[in-house]
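Visitor: Submitted below is the structure of interest, expressed as structure tokens.
The values are calculated or read from the model by the stated rules, or taken from the named source; none is laboratory data. This is a predicted model, so every value here is computed, not measured. Because the Cβ atoms are built from the backbone with ideal geometry, glycine has one as well, and the counts that use them run over all protein chains shown. Areas reflect the complete protein model, heavy atoms only, side chains present, ligands, DNA and RNA absent. Shrake-Rupley method; radii C 1.70, N 1.55, O 1.52, S 1.80 Å.
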Amino acid sequence: MSTPLEASPTTPTAAATPAGASGLDACGALPREAWETVSLVELGGPFPYPDNDDKRFGNYEGALPKQKSGYYREYTVDTPGVHHRGARRIVTGGGADGDVDEWFYTADHYETFCEISGQDVAKNTATNTEATR
């Protein structure tokens with residue numbers, strides 16, 4: 001399956017400018033597994049860790065912009081060679097209306113985040129839709 005903007009399995013390629021309203025750096029290239037998780041979120045699951053995925057993310061570290069409780073949700077990004085959830089996550093913001101408003105990626109278990117552009121999410125969704133036809 002081809003996905004846009006693939007990077008190494010551990011580190012995204014960050015752009016030099018903020019991605020948008022969040023003020024965080026743009027992710028640039030992401031690992032294939034991150035795009036697979038984005039696709040699962042877009043489809044509404046099923047998720048590989050149902051006890052942990054699609055659950056409220058509290059942003060206790062304060063690395064993401066401050067929002068009301070319940071605004072953020074988290075999803076596990078598989079890490080090849082790791083036999084547990086690992087450190088990588090997709091965190092979404094908003095979505096009460098059924099459409100995610102913001103997408104974020106962390107490779108280091110919430111220490112740092114980058115913002116995934118909605119345009120890149122749309123490209124990924126289109127690519128994966130074509131691949132499954």
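Visitor: When the residues of the stretch 41-55 are filtered to those that are surrounded by fewer than 19 Cβ atoms within 10 Å (Cβ to Cβ), under 14 Å from the mean Cα position of the chain (by Cα) and touching a residue at least 24 places away in the same chain (Cβ under 8 Å), which remaining residue is farthest from HIS109 (Cα to Cα)?
Guide: Per the criteria, the residue is GLU42.
Visitor: Are any residues in the stretch 73-87 surrounded by 18 or more Cβ atoms within 10 Å (Cβ to Cβ) and of a type in the set (Lys, Arg), and if so, which ones?
Guide: The answer is ARG73, and nothing else.
Visitor: Give the residues of the stretch 92-113 that are of a type in the set (A, V, I, L, M, F, W, C) and surrounded by 21 or more Cβ atoms within 10 Å (Cβ to Cβ), sorted by residue number.
Guide: If the condition is that a residue be of a type in the set (A, V, I, L, M, F, W, C) and surrounded by 21 or more Cβ atoms within 10 Å (Cβ to Cβ), then TRP103, PHE104, ALA107, PHE113 are the ones that fit.
Visitor: Failed condition for GLU36, given (1) at pLDDT below 90; (2) under 13 Å from the mean Cα position of the chain (by Cα); (3) open to solvent by 50 Å² or more (accessible area, probe 1.4 Å); (4) of a type outside the set (A, V, I, L, M, F, W, C), with all others met?
Guide: Condition (1) is where GLU36 drops out.
Visitor: To continue, here is another question. Is one or more of the residues making up the stretch 119-127 open to solvent by less than 50 Å² (accessible area, probe 1.4 Å), among the acidic types (Asp, Glu) and at pLDDT below 95? If you could, list the steps in order and put the result at the bottom.
Guide: First, pick out the residues of the stretch 119-127 that are open to solvent by less than 50 Å² (accessible area, probe 1.4 Å): 120-121, 124-125, 127.
Next, from what is left, pick out any that are among the acidic types (Asp, Glu): 120.
Filter once more, so that each one left must be at pLDDT below 95: 120.
Yes, the conditions are met somewhere in the stretch 119-127.
Visitor: Being hydroxyl-bearing (Ser, Thr, Tyr) and more than 13 Å from the chain's Cα centre (by Cα) is the filter here, so list the residues in the stretch 56-106 that pass it.
Guide: We begin by selecting, within the stretch 56-106, every residue hydroxyl-bearing (Ser, Thr, Tyr); these are 60, 69, 71-72, 75-76, 79, 92, 105-106.
The answer is TYR60, SER69, TYR71, THR79.
Visitor: If you check GLY70 against the conditions, is it over 18 Å from ASP108 (Cα atoms), open to solvent by 20 Å² or more (accessible area, probe 1.4 Å), of a type in the set (Gly, Ala, Ser) and at pLDDT 90 or above?
Guide: Details: over 18 Å from ASP108 (Cα atoms): yes; open to solvent by 20 Å² or more (accessible area, probe 1.4 Å): yes; of a type in the set (Gly, Ala, Ser): yes; at pLDDT 90 or above: yes.
Answer is yes for this residue.
Visitor: Restricting attention to the stretch 82-101, and to residues there that are among the acidic types (Asp, Glu) and within 17 Å of GLN119 (Cα to Cα), which single residue is modelled with the highest pLDDT?
Guide: Going residue by residue through the stretch 82-101, those that are among the acidic types (Asp, Glu) are 97, 99, 101.
Filter again for within 17 Å of GLN119 (Cα to Cα), leaving 99, 101.
Values: ASP99: 87, ASP101: 93.
Here the answer is ASP101.
Visitor: Now for a separate question. Kindly indicate whether ASP120 is touching a Pro at 6+ places or on another chain (Cβ under 8 Å) and within 16 Å of ALA26 (Cα to Cα).
Guide: Details: touching a Pro at 6+ places or on another chain (Cβ under 8 Å): yes; within 16 Å of ALA26 (Cα to Cα): yes.
Considered against the rule, which asks whether it is touching a Pro at 6+ places or on another chain (Cβ under 8 Å) and within 16 Å of ALA26 (Cα to Cα), ASP120 comes out as yes.
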